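Undergrad: For reference, the structure I am asking about is given below.
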Amino acid sequence: MYDAIVIGGSFAGLSAALQLARARQHVLVIDAGSPRNRFADEAHGFLGQDGRAPAAIMRDARCQLERYPTAETLSGEASHAAAIEDGFTITLSSGGERRGRRLILATGVSDQLPAIPGLSERWGATVLHCPYCHGYEMRDLPLGVIAAHPLSAHQAILIPDWGPTTYFTQAEFEPDAAELHAFAARGITVERTPVVELLGDAPALEGVRLADGRIVALSAVFTAPRTSPSTPLAAQLGCAHEDGPTGPFVKVDQWGATSVPGVWAAGDVATAMHNATLASAAGVLAGIGVHQAGVRASTT
Ligand SMILES: Cc1cc2nc3c(=O)[nH]c(=O)nc-3n(C[C@H](O)[C@H](O)[C@H](O)COP(=O)(O)OP(=O)(O)OC[C@H]3O[C@@H](n4cnc5c(N)ncnc54)[C@H](O)[C@@H]3O)c2cc1C
């Protein structure tokens, strides 16, 4: 029986496990090896790691965790989670079970991209979701925002700080009067004919084709995917969820505790704000929260 099992071994999960290992807790990290930013060649804005490959950051983090004698890692997928009398049982897809007193779900989210030909093969390279992560590398180039939900206009208003911006309404997300006013102030062009195809030698982008056949030259586009928890584990355990602007996420308190006693969640799966540093910080809080819950349980 582990003191804690962390499911998901990326920014949130490894940060949580590191706190637990340093508190001399027996912690197991189960990780399927598919972090959300695996489509990008470089991660940006993460202090001390700016511009490094996501896989290299994770490799170092996992190595550092594995130096602690009470930490274990397991490459694989947790397919089922269930409460038992003194904790939780995790079933592995490969067969076998692991048991832990407490659980941290750090399983991230899955992205559902707009279904436009040529878009998915450029995801993480020239089709981007976050200007703070990848906008600087596209500075001064012609940029687009392909609207995918009501906050797309808000995203478009930010983008001119990186490059001249065209906002594509997709004939669905027409800016309101205040947004049009902000667009004018920011020099944003509005295009109301839908984008039907991305063009160029992927992952490079040369432009987009519109439904009326016109081509608009662009070097990168921003869009907002719909997101959903990448595993049903939180739902299996009965954790409450909240609705965020891009999709549902697990409801947690400031330490990452979910609505189910003994289960914490951290990182993208438990917030509407998706960023590696924030995921890591949430993991730290959850790790400390789990340790202190264990101390409380043994003293009351
Ligand atoms: C293309 C792209 C580029 C990005 N670039 C940046 C950037 O430059 N800077 C930045 O700050 N943010 C960036 N982000 C956001 C960043 O990737 C996320 O905020 C961050 O990865 C969230 O960390 P996490 O630990 O919560 O989840 P993830 O990193 O997604 O990790 C979740 C882990 O859990 C594992 N897992 C899931 N289910 C199971 C299961 N059932 N059993 C076992 N393991 C499981 C997955 O395999 C994965 O390894 C980017 C996002 C995208 C989509």
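Undergrad: Per DSSP helix of 4 or more residues, -39500 (n - 2.57); summed, then divided by the residues of the chain. What does that give at 222 nm, rounded to the nearest 500?
TA: Per the formula, -7500 deg cm²/dmol.
Undergrad: Using Cα pairs under 8 angstrom and six or more residues apart, how large is the relative contact order of region 127-194, in percent?
TA: 32
Undergrad: Quick one: putting +1 on the C-beta of Lys and Arg, -1 on the C-beta of Asp and Glu, what dipole do you get for region 1-101 around its Cα centre, in Debye to the nearest 20?
TA: It comes to approximately 180 debye.
Undergrad: Quote the charge dipole size of the chain about the Cα centre in Debye, to the nearest 20; the model charges only the Cβ of Lys and Arg (+1) and of Asp and Glu (-1).
TA: Result for the chain is approximately 880 debye, rounded to the nearest 20.
Undergrad: I've got another one for you. As I understand it, the dipole of the chain uses +1 on the Cβ of Lys and Arg and -1 on the Cβ of Asp and Glu, about the Cα centre. Which of Q25, V109, G76 lies farthest toward its positive end?
TA: Final value for the positive-end residue is Q25.
Undergrad: A further question on this structure: Among A281, V208, A156, which residue has its Cα furthest toward the positive end of the charge dipole of region 143-300, with +1 on Lys/Arg Cβ and -1 on Asp/Glu Cβ?
TA: The Cα lying farthest towards the positive end belongs to A281.
Undergrad: Take every DSSP beta bridge whose two residues both sit in region 1-155, then give the antiparallel share in percent to the nearest 5.
TA: Beta bridges within region 1-155, antiparallel portion: roughly 40 percent.
Undergrad: With 10 angstrom as the radius, rank C239, C63 by how many other C-beta atoms surround their C-beta, starting from the fewest.
TA: In increasing order of surrounding Cβ atoms, one gets C63, C239.
Undergrad: Work from the charge dipole of the chain (Cβ charges, +1 for Lys and Arg, -1 for Asp and Glu, about the Cα centre) and give the residue of G9, S228, G124 farthest towards its positive end.
TA: Farthest towards the positive pole: G9.
Undergrad: For the chain, can you list the cysteines whose C-beta has no other cysteine C-beta under 4.7 Å from it?
TA: C63, C239
Undergrad: Once phi is turned into ³J(HN,Hα) by the Karplus curve 6.51 cos²θ - 1.76 cosθ + 1.60 with θ = phi - 60°, what whole-Hz value does each residue of region 232-240 show in order, with x for glycine and proline?
TA: For region 232-240, the Karplus curve yields x, 4, 5, 5, 4, 7, x, 5, 5 Hz.
Undergrad: Of the trypsin sites (Lys or Arg not before Pro) in region 96-159, which ones lie in a loop per DSSP and count no more than 16 other C-beta atoms within 10 Å?
TA: When the trypsin sites (Lys or Arg not before Pro) of region 96-159 are filtered for loop state and at most 16 Cβ neighbours within 10 Å, R139 remain.
Undergrad: Loop only per DSSP, at most 14 neighbouring Cβ atoms within 10 Å: give me the GluC sites (Glu not before Pro) in region 116-174, ordered by residue number.
TA: Those satisfying the criteria are E172.
Undergrad: On to the next question. Subtracting the Cα-Cα distance from 0.36 nm times the residue separation, let me have the gained length for D176 to T70 in nm, one decimal.
TA: 32.6 nm
Undergrad: Roughly how tilted is helix 54-66, in degrees to the nearest 10 and between 0 and 90, from the longest Cα axis of the chain?
TA: That helix lies at roughly 10 degrees to the long axis.
Quick note: the coordinates plus some simple rules give every number you see, no bench work behind them. In this text, all values refer to a predicted model and were calculated from it rather than measured experimentally. Glycine also receives a Cβ, built like all others from the backbone with ideal geometry; neighbour counts cover every protein chain displayed.
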